[in-house]
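Below is one structure; the comments refer to it alone.
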Amino acid sequence: MDNLPLVIASGNQGKIREFKKLLDDFPLNLLTQPPGFEIEETGNTFIENARIKAIAVSQETGNLSLADDSGLSVEALGGAPGIYSSRYASSDKERIEKLLAELKPFPNRKAKFECALCIASGEKVLIEVSGFCEGLITFFPRGGNGFGYDPIFEVSGLGKTFAEIDHEKKKHIGHRGNAFKLLKPELTKLFTSIKK
Ligand code: ITT
């Protein structure tokens, strides 16, 4: 059987790089969404936004699609930036600076990354899962790997930020990797049902 086409419904290159590694083992023909494709994220939760993106891209392309809605929720900021993580400021650098400035008065540095994944076929949601990773917000950025808020997120119990560990390690302990652990068996079932 030919590899199954799956469109990664994301314009975020950091996420796309991680997806490519996570989906390595599957007989998939990974495609990117049409250039310039934009969809308004009107949901109130990560899962709602993942659903909105997956359905829109699947309807646009006629292929199965996989969307990720993710973000960082900081306890002392009442869960902000949360679903607004990418809209919090206009570049990774500015987002990090803004978050460190807002958190400055608070001794509580606890934070949590969440990743909701959705696979859709047209308007139909086939799989949805969520993964998490707990940690602390550092006082200064550390490390050169990854993307987004990685340099200021120190993983609980590890003493290193996401930007100080490699892809392989993030794949095992990160929120996206944890969501993928739940997605994998469902994806295998989906392949089996499509082949029948
Ligand atoms: P798409 O919607 O096109 O996928 P986006 O960047 O707008 O791209 P989101 O709406 O899901 O995606 O926003 C997620 C933001 O949360 C992202 O831009 C990062 O700033 C942050 N984020 C998510 N996962 C992250 C990770 O693994 N490491 C660091 N930052 C992350």
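The values are calculated or read from the model by the stated rules, or taken from the named source; none is laboratory data. All values reported here derive from a predicted model rather than from experimental measurement. Backbone-built Cβ (ideal geometry, glycine too); neighbour counts: all protein chains shown.
Below, the figures for the structure above:
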read-out	value
Flag for Glu114 being in contact (Cβ under 8 Å) with a residue 60 or more places away in the chain and either under 18 Å from the mean Cα position of the chain (by Cα) or farther than 22 Å from Thr188 by Cα (or both)	yes
Residue check for Thr161: over 20 Å from Ser10 (Cα atoms), among the polar types (S, T, N, Q) and within 13 Å of the ligand (Cβ to nearest atom)	yes
Any hit, segment 53-69, residues being of a type in the set (A, V, I, L, M), under 21 Å from Gly148 (Cβ atoms) and touching a helix residue (DSSP H, G or I) at 6+ places or on another chain (Cβ under 9 Å)	yes
Candidate set from segment 1-20 (those that are assigned to a strand (DSSP E or B) and of a type in the set (Val, Ile, Thr)); member that is farthest from the ligand (Cβ to nearest atom)	Val7
Strands (runs of 3 or more DSSP E) wholly inside segment 101-181 containing at least 2 residues that are at pLDDT 95 or above and acidic (Asp, Glu)	124-137
Options Leu23, Leu28: the member that is at pLDDT below 95 and either near the ligand (Cβ under 8 Å from one of its atoms) or over 28 Å from Gly143 (Cα atoms) (or both)	Leu28
Hey, Ala54 part of a helix (DSSP H, G or I) and either of a type in the set (A, V, I, L, M) or without any contact (Cβ under 8 Å) to a residue 60 or more places away in the chain (or both) or not	yes
Number of the condition not met by Glu41 [criteria: (1) more than 10 Å from the ligand (Cβ to nearest atom); (2) touching a strand residue (DSSP E or B) at 6+ places or on another chain (Cβ under 9 Å); (3) acidic (Asp, Glu)]	(1)
Every pair of residues 6+ apart whose Cβ atoms lie under 6 Å, when the first sits in segment 175-193 and is within 16 Å of the ligand (Cβ to nearest atom) while the second is among the aromatic types (Phe, Trp, Tyr)	His175/Phe113; His175/Phe132
Members of segment 81-94 found to be surrounded by fewer than 18 Cβ atoms within 10 Å (Cβ to Cβ), over 12 Å from Phe46 (Cα atoms) and more than 7 Å from the ligand (Cβ to nearest atom), listed by number	Arg87, Ala89, Ser90, Ser91, Lys93, Glu94
